[in-house]
Structure formats: C-alpha cells, structure tokens
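**Student:** Sharing a structure below in structure tokens format, with a few things to ask.
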Amino acid sequence: MDKSTRHRQRAEDVLNGESLHEHQREAARKTFEALSNGSRAAITAAEMQAGKSGVALALCCLQRLSLSDEDICEKTKLKDTLYLVTMPDTALLEQAQDDLKYAKNVVVSNFVRFQKDLELFKGNPPKLIIIDECHYGSNITAIRYSDVFDYLENENDDCKVVFISATPFGALYAAETQYQQAIEAKEVAKQESDDSAVEEAEKIAEEARKNSILRRNFDTKLVFHRTSDEYYGVREMLKGNRVVGLCSEARNFLYPSEEREQFIKQYQEHEGAGWSLVRVPAGTAMNAKDYFLSQGIPENNIFILGKSLTGVPEDQLTTIERFKKEFDETIDFDEKLIAITVAGCRAGINFGPLMKDHLISTWDSTVASIAAVVQANIGRACGYHSNLDAMHFTNMDAALAYGATLDYLEQNTCDHAASDFEGLREFFHEICDEYHVEGLDVGVTINHRRRRPIGDVETYWTDSYIAVPGKLIDPDYDFQAHTQDSTLLKAIELIRTEYVKDSGPNVKGHRSMRGAKRNWIKAQWVNGDTYHNKEKALKSGTMKERTLRFTKALDDGESIEYNEIVMPGSGEQSEDKLVTATIFSVYNMSRRNVAKKIMTEAEVHEMCDQFDVDHDDTLIVLYKRGDYDAERSLEKKNHNTLPPQITNISNETQFSDDGETA
C-alpha cells in the first residue's frame, strides 16, 4: 500500500466508522458537494441534538480526502480544517475537541483565539472553516463574522466556510434586515438632502453587509440535515402530545396553574429514578426551590444550576458537571432530582443518553424568540434515545413555529442545496406573524438616530370588490358571469391553480402567491383560526369582521384605503398589488396548535350568504386597487421626517453557563 493510499484509508476508516451514522455522512456529503460546485459558503441546518458534531467530523474527513496524492502525504499540510466554536466557553471548546479527536486534520478554536491559532497550520492556510452554532452571530453583542470573511476575502481566497446550527434562521436574515432598513433610511435622507444622515445610513448598511453570513459574492447554499427514523425531536414531541403550552400567567412557575399541577403530579407519580428541569425568570430560583420544598421534595434532591445568580447564596449553587455526577450517583437508588436554571443560563452542554432516558419533564418560561425556546430545555431533550414519555411545558407557539420551519426546509431543499434566501426570509416573517413569536433568533439591535420610515407610503384607494365561489372541482366554471374585468379573472385563475396543484384541492397549512407571474396578487388564506377567533384578531378585527366591514363600506359608497386591505408585510408594498384576495375555504389549515384549525363548510356557506353567492366550499373576495392618493402619500412621507428618535430591535436570549443575561 503506497503512502497516499494509507493516509486516505485512515480518513475513510473514520468516515465509515461506527462513531458516525449514515444520516451524518449524507449531510456532510451534500454540504461538501455544494462547496465543490462553486459555492464558497454553505449553511447546514440540523435539528436539535441531531448529531451536528458528527456532521462536522465527516466534513473534516471529506476535506482530507479531497487533497491531491502529493498534498495528503505532506506532514506540513496535515492540518487543513479550522473548526470555530462561536461562544467563548471553555467547556464547549473542550467538548468540540473531544468530538473531533479522530480527525487529525482539524484545529479546534474559537473567535477569541482565531487569529493566533492560524499559526498552527504551519504556513499552509486552512482549506475549510467550520463554524458551529452560527445563530449567535445575529446578536449585536455576539461574535460577528466580519473578521472571518475579511480573512477569506483578503488572505485566503481558496478557503471555504460551513456554518452549522439547529436554528440558523436569525443569522440567515437578521443582518440582511438591518441592511435593507439602512438602505430605506438612506433613500429618505437623500430625498431630504441630509448628507450626514446619508453617510450614517451607508455606514450602517456596510456594517450589516459585513456581518451577514450571506455574503453576496460567496454564492451561499443551504443544506438541511435529514435525520434517521430513530431521531426524536420537537416535531415528534408535538405529534405525540408531549408538549404542553404555557400561556399568560401560567408561564411563571411560581403562579398556581393547572399546568403546574400537572407538572408536579407527573414528577411525584413517576416510578424509579428520574429528574426534571425547570427554567424560571432571573431572580426567582430560590422561590422555585421553596415551592418544591412545600411539595415534600427533599432539599438534597433540589439543585440550582449556575454561578453568581441574583438572590441565590453561593452555597446554594451547583455546577452543571456536579449535577451530572449527583445524578449518576443517585440513579442506582431510584431517587428523583429537580434541576432549576434561570433565564440566560444554559441548561447543559448535553444531557447525554442516560439523563435523556430518565428525564421526567421540563418547564421553560421563555417567551422570546423561537431559538431561545428550542435551544433551551426542550431542545436538550431531543436526540437519539428511547424516552418518549417525558413532558415538556413550554411556549407552544414557538415549538410549533420551529416545527413549521423544519417542514419548510425539508420540503424546499429537496435532494440538493437550496439558495432561495429571499423566499426563506418571506417565510420566516410569515411564521413570526402567524405564531405570535417575537423573532426567530437572538435578534439584532439597530440604533437609528432617525425615526424608522414608514415603508408602505404610496397610498391608493380601493376601486371595487367582487365575491365569487371557488368552484375548485369545476374546471369549466364560467367566472365571466361575475365579472368582465380581465385583471380579476386572471387573479381568480391563479388562485384556483394554487389550490388544485398537486392533484388538489388539498387541506394545507401554507400557500403563497410568490413568483413574478403571481406576486401582483396579495392573497389572505383564511382558516379556522383566523376566521373569527378574537385572540387571533388584528386591530381591525377578525378576517370575517374585516371583510364584512370593508365590503359594506364599499357598498355604501365610502372610500376605503387600499393599503389597509392589503396589510403589506415581508417587504411588500401596496403599490405592487393590483388585487387583494381574501379566501375563505375548508382547504386552509392553521399551523398553530388550536382547537379549530379549519373552517367548517357551514361557516363558508355563511359567508357565501353574506354576498348572495351560491354555496361552495371556498369563497373568494377580491378587491381591486384604485386611484393613487398623492396627498395621503405625502402625509406618510412627512411622517418620516419627524424629530429624531432611537429605535431598538432586540431579543433577550444569549445563553452562557455562568450567569444571567443583563
């Protein structure tokens, strides 16, 4: 066996060894294939505890195997991959070093040591950089990526980069959103001939461009890591009814509620060894401990995890590692433990299979972003284990939204890497709106010295409306009996096409009118939740109330601002929408965890009766854009010139092992 073959065999042995699963190898292959086809950057989205470290190990092996026979035999070129831990945490660094110990070609570092550790490559710069937990890069206080990109662009243009995260959503669009807002502010400043404001907006835009992981010249691709059937994650928990939603006061563990009663009852009735994890607001850890004591739980079985927590004496605190040892020692005696953490304290690097198998329940009071919820307690309980009975008390909407984003990524990455990031940004905005979550990730802070401009300033009036039955199963139905307007007829045709594609009509939780041939239509898909649920109502009422109010006003000869009907979002503008359609149908389904997801046929018939339309399972109400209102548009533009103010966009969660967030 020659030297190059021997070195390749060593990498092959690791790649195909028992420490890696086929789904991890497949995710790595897809990622490396994207890089081999011209992209310099790839984002690998892998579910919580799905084996991201295994994917990284496989990537290291593939990078090693990609070397030429000559290079693979040179000792000075042995190190060719740099793995960066995003958070400056020594425990995470040590875990990564252990996870990747079989890859002899990787240097494990973090952003603090990044520049210094480049010296370990002995004059042969890395050919691949892997960045773990890239979602933290979307926080203004978190590690930023400009230094890495500057290195890739200015010092090592042969190197490629892979970002890995279970929740990369915010990192995919946060800085891009900041960039777009800065560009809008710049245009307003230009109109006002405010040179200093133009200069400031340009600086903000450039900073956002530098910090975005979507560098335009890197041709970034997105890869979704598909797990094996043995994986147990958030979606499986939702399907198995193992998630209990916490709403309003019930989120506070100290507040008496049915959910808390269910939690403590399950803990007390659990037979054998086990443990529960409770995450409470900062400053309330001792109060939570007092509650457990009042329920008869021995004090020696209650642990508060963290360092220097507000209101907690030092002798009451326990490190995560010590708690793990306590659990190992008590498991043989069939004891049950309680672990209390606070907001801002990481619940654990990894529970490990034994702790996951004996987990009784988790409680999380987090109410912020999707990532803040799923990266915490419920996410730590995901993975490859046999415990399907643990209950998770958390923000249900955030869990559902996470499941919906995974479904979307799974469907839209298919068997190849995706690159439609504009479509992703639009979908993410829809998810946040539908599930009432504050954001996808740890957020981005934007400090403007100017008031944020109104985006939808160009104002129009509503010309007219019509209401027609969908007749989705009647392809030859003549809609000219309802209107001769070619624009409205075309809109009806495109809406019906959206329903009947894929051998439909089928009940679906998401539809869209994206694409150049259809984006002149704004479609509002009304389901059982949005139809007449007061909790889901907008300021102008439920979709039923809005529709009846708008159409009655038009019937009475009143003027209705078209922009109010459109409700533009995700960068949309009313001026781009020739038609707005509100569609009541039994085929629209809410993705929220609500009792009523789909409209009943009787409810659709009720709406048909309101417009004297034949009963059908679908009713389409179409509004046509009317005349432009220059005066009202000018009023909105003048609003953008109001006195300066500071605008902050932020979210709460930045995990660390040793304390609370500010």
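**Student:** When you scan segment 85-120, how many residues do you find that are closer than 19 Å to Ala50 by Cα and either part of a strand (DSSP E or B) or not assigned by TED's automatic domain parsing to the domain that holds Asn37 (or both)?
**Tutor:** Going through segment 85-120 one residue at a time, the tally reaches 1.
**Student:** Hey, could you check segment 596-649 for residues that are farther than 25 Å from Ala553 by Cβ and not in a loop (DSSP other than H, G, I, E, B) and say which is modelled with the lowest pLDDT?
**Tutor:** Here the answer is Thr647.
**Student:** Of all the residues that make up segment 92-114, how many are among the hydrophobic types (A, V, I, L, M, F, W, C), within 29 Å of the chain's Cα centre (by Cα) and buried (at least 17 other Cβ atoms within 10 Å of the Cβ)?
**Tutor:** The number of residues fulfilling the criteria is 6.
**Student:** Filter segment 37-75 for residues that are more than 20 Å from the chain's Cα centre (by Cα) and of a type in the set (Asp, Glu) and give the result.
**Tutor:** Residues satisfying the conditions are Asp69, Glu70, Asp71, Glu74.
**Student:** Can you find a residue in segment 556-568 that is surrounded by 22 or more Cβ atoms within 10 Å (Cβ to Cβ), in a strand (DSSP E or B) and either modelled with pLDDT of 90 or more or of a type outside the set (Val, Ile, Thr) (or both)? Spell out the reasoning first.
**Tutor:** Quick first cut of segment 556-568, residues surrounded by 22 or more Cβ atoms within 10 Å (Cβ to Cβ) only: 562-563, 565-566.
The next check asks that each one be in a strand (DSSP E or B); those that pass are none.
Scanning segment 556-568, I find no residue that is surrounded by 22 or more Cβ atoms within 10 Å (Cβ to Cβ), in a strand (DSSP E or B) and either modelled with pLDDT of 90 or more or of a type outside the set (Val, Ile, Thr) (or both), so the answer is no.
**Student:** Residue by residue through segment 8-29, note down the ones that are within 33 Å of the chain's Cα centre (by Cα) and of a type in the set (S, T, N, Q).
**Tutor:** Our first condition is that a residue be within 33 Å of the chain's Cα centre (by Cα); within segment 8-29, this holds for 14-29.
Once the filter is applied, which keeps residues that are within 33 Å of the chain's Cα centre (by Cα) and of a type in the set (S, T, N, Q), segment 8-29 yields Asn16, Ser19, Gln24.
Matching residues to (1) at pLDDT 95 or above; (2) of a type in the set (A, V, I, L, M):
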| residue | (1), (2) |
| --- | --- |
| Leu246 | no, yes |
| Ala250 | no, yes |
| Pro256 | no, no |
| Phe263 | yes, no |
| Gln266 | yes, no |
| Val280 | no, yes |
| Asn287 | no, no |
| Ser294 | yes, no |
| Ile297 | yes, yes |
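**Student:** Pick from segment 180-196 the residues that are under 30 Å from Ala45 (Cα atoms) and crowded, with 21+ Cβ neighbours inside 10 Å: which of them is modelled with the lowest pLDDT?
**Tutor:** From segment 180-196, those under 30 Å from Ala45 (Cα atoms) are 180-183; that's our starting set.
Restricting the remaining residues to those that are crowded, with 21+ Cβ neighbours inside 10 Å gives 181-182.
On the way: Gln181: 66, Ala182: 70.
Only one residue tops the list, namely Gln181.
**Student:** Tell me which residues, restricted to segment 214-246, are assigned to a helix (DSSP H, G or I) and of a type in the set (A, V, I, L, M).
**Tutor:** Applying the first criterion (assigned to a helix (DSSP H, G or I)) to segment 214-246 yields 216-218, 234-239.
Val234, Met237, Leu238, listed by residue number.
**Student:** Please find, within segment 598-627, the residue that is farthest from Ala491 (Cα to Cα) out of those that are in contact (Cβ under 8 Å) with a residue 40 or more places away in the chain and acidic (Asp, Glu).
**Tutor:** Looking at residues that are in contact (Cβ under 8 Å) with a residue 40 or more places away in the chain and acidic (Asp, Glu), I get Glu603.
**Student:** Select from segment 398-428 the residues that are modelled with pLDDT under 85 and of a type in the set (A, V, I, L, M) and write down the one among them that is farthest from Phe224 (Cα to Cα). If you could, list the steps in order and put the result at the bottom.
**Tutor:** Restricting attention to segment 398-428, the residues satisfying the condition of being modelled with pLDDT under 85 are 408-428.
Adding the requirement that they be of a type in the set (A, V, I, L, M) leaves 409, 417-418, 424.
On the way: Leu409: 6, Ala417: 8, Ala418: 9, Leu424: 13 Å.
Step by step, filter segment 398-428, then rank; the result is Leu424.
**Student:** Oh, and also: When the residues of segment 504-548 are narrowed to those that are under 14 Å from Met567 (Cα atoms), among the polar types (S, T, N, Q) and part of a loop (DSSP other than H, G, I, E, B), which ends up modelled with the highest pLDDT?
**Tutor:** Thr542
**Student:** Sticking with this one: Given the options Leu406, Leu400, name the one that is surrounded by fewer than 23 Cβ atoms within 10 Å (Cβ to Cβ) and in a helix (DSSP H, G or I).
**Tutor:** Numbers: Leu400 fails: surrounded by fewer than 23 Cβ atoms within 10 Å (Cβ to Cβ).
After ruling out the rest, the residue left standing is Leu406.
**Student:** Let me ask something additional. Which of the residues that make up segment 299-325 are closer than 14 Å to Thr284 by Cα and surrounded by 14 or more Cβ atoms within 10 Å (Cβ to Cβ)? Even if it seems obvious, please write down each step before you answer.
**Tutor:** Step one: of segment 299-325, the residues closer than 14 Å to Thr284 by Cα are 303-306, 308-313, 316-317.
Residues satisfying the conditions are Phe303, Ile304, Leu305, Gly306, Leu309, Val312, Gln316, Leu317.
The values are calculated or read from the model by the stated rules, or taken from the named source; none is laboratory data. The model shown is predicted, which means the values in this text are computed figures rather than measured ones. No Cβ is skipped: glycine too gets one built from the backbone with ideal geometry, and neighbour counts run over all protein chains shown.
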